[in-house]
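Visitor: A single structure is presented below for examination.
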Amino acid sequence: MSRIALIRPAAALLSLGLSACATASADFLARDHVADGVFTSGIEGPASGPDGALYVVNIGRDGTIGGVDEQGNAALFIELPAGSIGNGIRFGADGAMFVADYPRHNILKVDPATRAVSVFAHLPDAHQPNDIALAPDGTLYASDPNWAKVDDGQLWRIDRNGGVQLLEAGMGTTNGIEVSPDGRRLYVNESVQRNVWVYDLDAAGAISNKRLLIRFDEHGMDGMRCDADGNLYIARYDAGTVAVVAPDGTLLREVPLKGRKPSNLAFGGADGRQVFVTLQDRGAVETFQADRPGREYGQRPASP
């Protein structure tokens, strides 16, 4: 009896060890989450909401936002106002959805209870905006490329009251944008030039000390997200990968995807480690497990 009692815990430990190895080996392996053609080629802006669902722009046709459940079932969430087409999406601490509306040069705000859409901020001198990032203090930052002129990109700050401030002009094709988990760094990439820049952010949201984080020799870049440790996940357009870059600029890994044209990504899932990637060449969403959670992953609204 004593011998059996000793063997059983050992077997249990072996089983747990094998389970842990299997889980670890499943990290960074992409699979389909939403099938081909459910979204248009303008698929973009994935963000996990406070309800745990994934929200993605342009389901079925441009000018819409779709919601995707954990099984990958997608359905229409809202239609945007006539003439509006969404790109980047982020969720505020109160559950409100912010959407970059590039044709009408607005940041839209969607009420989580009523789904009513309003203009939160207007950027009258913007080319777009394209993607947006939400700092821990609620400040938004927007990339603003000029696809017709590669050295005319801009960078904007949108304050919590909806006021806008042009932070920099004369950049490359500004696209992916993200804030570090501590709110002290702003990352901006340039798709055509293949640069990723990092700025210091002060308490007022001003930028300084611009420097190059990393540059890729080929292929473009699109959306970016940070994990909880500050590693930057970058959608590498036409490369068919997501690059993971450490805060010091070290390339940690590249995650291969089925599609070639990832446009953006977001963290989500029950533990925040599930990464969702939108693919323009497929009109689909792929997913993989990361080894740590994202800095944003469907956080619940703040209590009153």
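Visitor: Take region 111-125 and flag every residue that is touching a Leu at 6+ places or on another chain (Cβ under 9 Å) and either open to solvent by 10 Å² or more (accessible area, probe 1.4 Å) or not small (Gly, Ala, Ser) (or both).
Guide: Those that are touching a Leu at 6+ places or on another chain (Cβ under 9 Å) and either open to solvent by 10 Å² or more (accessible area, probe 1.4 Å) or not small (Gly, Ala, Ser) (or both): VAL117, SER118, VAL119, PHE120, LEU123, ASP125.
Visitor: Additional query: Only residues that are outside any strand (DSSP E or B) and of a type in the set (A, V, I, L, M): list them for region 114-146, please. Explain how you work it out, then say what you get.
Guide: From region 114-146, those outside any strand (DSSP E or B) are 114-116, 123-131, 135-139, 145-146; that's our starting set.
Hits for region 114-146 are ALA116, LEU123, ALA126, ALA135.
Visitor: Every residue in region 89-108 that is part of a loop (DSSP other than H, G, I, E, B), charged (D, E, K, R) and either open to solvent by less than 10 Å² (accessible area, probe 1.4 Å) or at pLDDT 95 or above (or both), please.
Guide: Result: ARG104, single match.
Visitor: Can you tell me which residue among ASP36, ASP51 is open to solvent by 50 Å² or more (accessible area, probe 1.4 Å) and modelled with pLDDT of 95 or more?
Guide: Working: ASP51 fails: modelled with pLDDT of 95 or more.
It is ASP36.
Visitor: Is it the case that region 280-294 has a residue that's out of contact with any Cys (no Cβ under 7 Å at 6 or more places or on another chain), within 21 Å of SER180 (Cβ to Cβ) and open to solvent by 50 Å² or more (accessible area, probe 1.4 Å)?
Guide: Yes, some residue in region 280-294 is out of contact with any Cys (no Cβ under 7 Å at 6 or more places or on another chain), within 21 Å of SER180 (Cβ to Cβ) and open to solvent by 50 Å² or more (accessible area, probe 1.4 Å).
Visitor: Return the residue satisfying two criteria in turn: it lies in region 81-107 and is touching a residue at least 24 places away in the same chain (Cβ under 8 Å) and touching a His at 6+ places or on another chain (Cβ under 9 Å), and of such residues it is farthest from PRO46 (Cα to Cα).
Guide: Filtering region 81-107 for residues that are touching a residue at least 24 places away in the same chain (Cβ under 8 Å) and touching a His at 6+ places or on another chain (Cβ under 9 Å), the one farthest from PRO46 (Cα to Cα) comes out as HIS105.
Visitor: Would it be correct to say that GLY176 is assigned to a strand (DSSP E or B) and out of contact with any strand residue (DSSP E or B) (no Cβ under 7 Å at 6 or more places or on another chain)? Explain how you work it out, then say what you get.
Guide: Values: assigned to a strand (DSSP E or B): yes; out of contact with any strand residue (DSSP E or B) (no Cβ under 7 Å at 6 or more places or on another chain): no.
Against the criterion (assigned to a strand (DSSP E or B) and out of contact with any strand residue (DSSP E or B) (no Cβ under 7 Å at 6 or more places or on another chain)), GLY176 does not qualify.
Visitor: For region 179-263, please list each of the strands (runs of 3 or more DSSP E) lying entirely inside it that holds at least 1 residues being in contact (Cβ under 8 Å) with a residue 24 or more places away in the chain, open to solvent by less than 20 Å² (accessible area, probe 1.4 Å) and of a type in the set (D, E, K, R).
Guide: 185-190, 224-226, 232-236
The values are calculated or read from the model by the stated rules, or taken from the named source; none is laboratory data. Keep in mind it's a predicted model, so treat the numbers as computed, not measured. Here the Cβ is made from the backbone with ideal geometry for all residues, glycine too, and neighbour counts use every protein chain on show. Just so you know, the surface numbers come from the protein's heavy atoms only, side chains and all, with ligands and any DNA or RNA stripped out. Shrake-Rupley method; radii C 1.70, N 1.55, O 1.52, S 1.80 Å.
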